[in-house]
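Engineer: Provided herewith is a single structure, encoded as structure tokens, for subsequent inquiry.
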Amino acid sequence: MRIAAIGVLSGLALSASTLVTAAMADVDSIKLRRAVMGSIATHMGALGPVAKGEVAMHDEVPWHAGSIARLSAHVVSLFPEGTGEGDTDAKPEIWKDWAKFEEAAANFEKAASALADAGGKKDQAALGAAMGEVGKTCGACHDLFRKPQQ
Amino acid sequence: MLRAGAVALVLILAGHAGHAQTVAERGAYLFRAGGCFSCHTDVAHDGAALAGGRALATPFGTFYAPNITPDRETGIGAWSAADFRRALREGLSPSGAHYYPAFPYPSYTLMSDEDVAALWAYLTTLPAVRHANRPHDLTLPFRVRAAVGLWKFLFFRAGPFQPESGDSDEVSRGAYLVRALAHCGECHTPRNLLGGPDDDRFLAGTRDGPDGRSVPNITPHADTGIGGWSEGDIVQLLNSGLKPNFDNVQGSMAESVRHGLAYLSDDDLIAIARYLKAIPPIDNRIRRGP
């Protein structure tokens, strides 16, 4: 059930054009990016127990890690100008300081690519280290560009 | 397995302070566990450490935490150790006035004498900063300090902490940290109309937390609390602010982690996690979603 839900989303995200089209047509950029963020977080959550040594290394680790890296490439495109109002926690600072937002996304993409490498090798220690680095980039972006939850 | 794994990850996520040795060093550690820094420092405006001035919005008005540096005129430099003990343990000022419970003495009253003394020893070693206190901005009837006497009569129970019989040393240590020092309940326990804690829903979360924001249920309830979290997940959150899905906490919890909980030893964080797993689960949905 949970896995299926992630599958649908990563499948969606795998096709870059789907995302770009959705964003351009403004289908519902807000819903879409929240779903993608949620999907990234679900993949991270699936890796967490392995990174912490609570669950043994297993065959789905490379897929989860790779999915995060693939999704990370789309973060910027999920925030088209003019989507700062409505059911969203996105801060207006995103569009005021776009270069900084892009930098935060680039840092995430870079860390996620290292995570995909570690996951691909099924190396528990490297996975733990890479998760820590990715986690820092999530928080760094949220602290600047996401409103605290109400 | 849990310990090694969680600790290894945690070491990557944040730096780590070792165990304290001298009384003042022990006090420095308790100071972090007690979260004194975040309320008494105006971090947002680059205020000097512990010189006060941070605004705390509550349903009863806005409080400005005072200067607690050893400055004799604007801080607590003229206080005795007994004055300090009375403030933390009884919620009374040196002149006998009641403190508002925005100062979490209803939790600190549970501290041991030894810990209160160590905290005092540490505070006296800090640089004195001259910075006058800003008066609180409160609504009636709370503007009247004497009204706090009634509040205390209704809700304040003086400490110190008594461990529950049957709890292991580790769970008791966790209980002491959660209830006396880290005052998790001050934010995570819902309050009644008079601002008294609803002890029957201890740590069950509230939609009217500090700064008008909601605070999640952290009892081990499977659907509405953190029953699905492992001990390692809890340790990770307290150490780095990252939830099991690596999304980070923000707002007042992020401050509590950054300026306080992240400094705690792994043993203490594991004790907190074990205690949180041992308290009764309470069904109380706070977070949005199904």
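Engineer: Applying the selection to the range B:111-153, what residues are charged (D, E, K, R), surrounded by fewer than 17 Cβ atoms within 10 Å (Cβ to Cβ) and part of a helix (DSSP H, G or I)?
Structural biologist: Result: B:ASP113, B:GLU114.
Engineer: Separate question: Is there any pair linking a residue in the range B:185-212 that is closer than 25 Å to B:LYS277 by Cβ and at pLDDT 90 or above to one that is of a type in the set (Phe, Trp, Tyr) and part of a helix (DSSP H, G or I), with Cβ under 6 Å and at least six apart or on different chains, and which?
Structural biologist: That search, which allows pairs on different chains as well, returns nothing.
Engineer: Does the range B:248-266 contain any residue that is within 14 Å of chain A (Cβ to nearest Cβ), surrounded by 18 or more Cβ atoms within 10 Å (Cβ to Cβ) and among the acidic types (Asp, Glu)?
Structural biologist: So far as the range B:248-266 goes, yes, one or more of its residues are within 14 Å of chain A (Cβ to nearest Cβ), surrounded by 18 or more Cβ atoms within 10 Å (Cβ to Cβ) and among the acidic types (Asp, Glu).
Listed here are the residues, each with its yes/no results for (1) touching a residue at least 12 places away in the same chain (Cβ under 8 Å); (2) within 23 Å of B:ALA128 (Cβ to Cβ); (3) surrounded by 22 or more Cβ atoms within 10 Å (Cβ to Cβ); (4) of a type in the set (A, V, I, L, M).
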| residue | (1), (2), (3), (4) |
| --- | --- |
| B:GLY53 | yes, yes, no, no |
| B:THR58 | yes, no, no, no |
| B:ARG72 | yes, yes, no, no |
| B:GLY75 | yes, yes, yes, no |
| B:TRP79 | yes, yes, no, no |
| B:ARG85 | yes, yes, no, no |
| B:PRO94 | yes, yes, no, no |
| B:THR109 | yes, no, no, no |
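Engineer: If you don't mind, another one. Looking at the structure I just gave you, is B:ASN284 under 25 Å from B:PRO163 (Cβ atoms) and part of a loop (DSSP other than H, G, I, E, B)?
Structural biologist: no
Engineer: While we're on this one: Given the residues B:LEU2, B:LEU11, which is the only one that is closer than 25 Å to B:ARG179 by Cα, modelled with pLDDT under 75 and within 14 Å of chain A (Cβ to nearest Cβ)?
Structural biologist: Just one listed residue meets the conditions, B:LEU2.
Engineer: Right, here's the next one. For A:LEU115, state whether it is crowded, with 20+ Cβ neighbours inside 10 Å, part of a helix (DSSP H, G or I) and more than 9 Å from chain B (Cβ to nearest Cβ).
Structural biologist: In short, yes.
Engineer: List the number of the failed condition for B:LEU193; all other conditions in (1) loosely packed, with under 15 Cβ neighbours inside 10 Å; (2) touching a Phe, Trp or Tyr at 6+ places or on another chain (Cβ under 8 Å) hold.
Structural biologist: For B:LEU193, the exception is condition (2).
Engineer: Pairs under 7 Å by beta carbon, first residue more than 7 Å from chain B (Cβ to nearest Cβ) in the range A:133-146, partner surrounded by fewer than 20 Cβ atoms within 10 Å (Cβ to Cβ) and among the small types (Gly, Ala, Ser), six or more apart or different chains?
Structural biologist: A:GLU133/A:ALA114
The values are calculated or read from the model by the stated rules, or taken from the named source; none is laboratory data. Worth saying up front: this structure is predicted, and the values here are computed from it rather than measured. Heads up, the Cβs are rebuilt from the backbone with ideal geometry, glycines too, and the neighbour counts pull from every protein chain shown.
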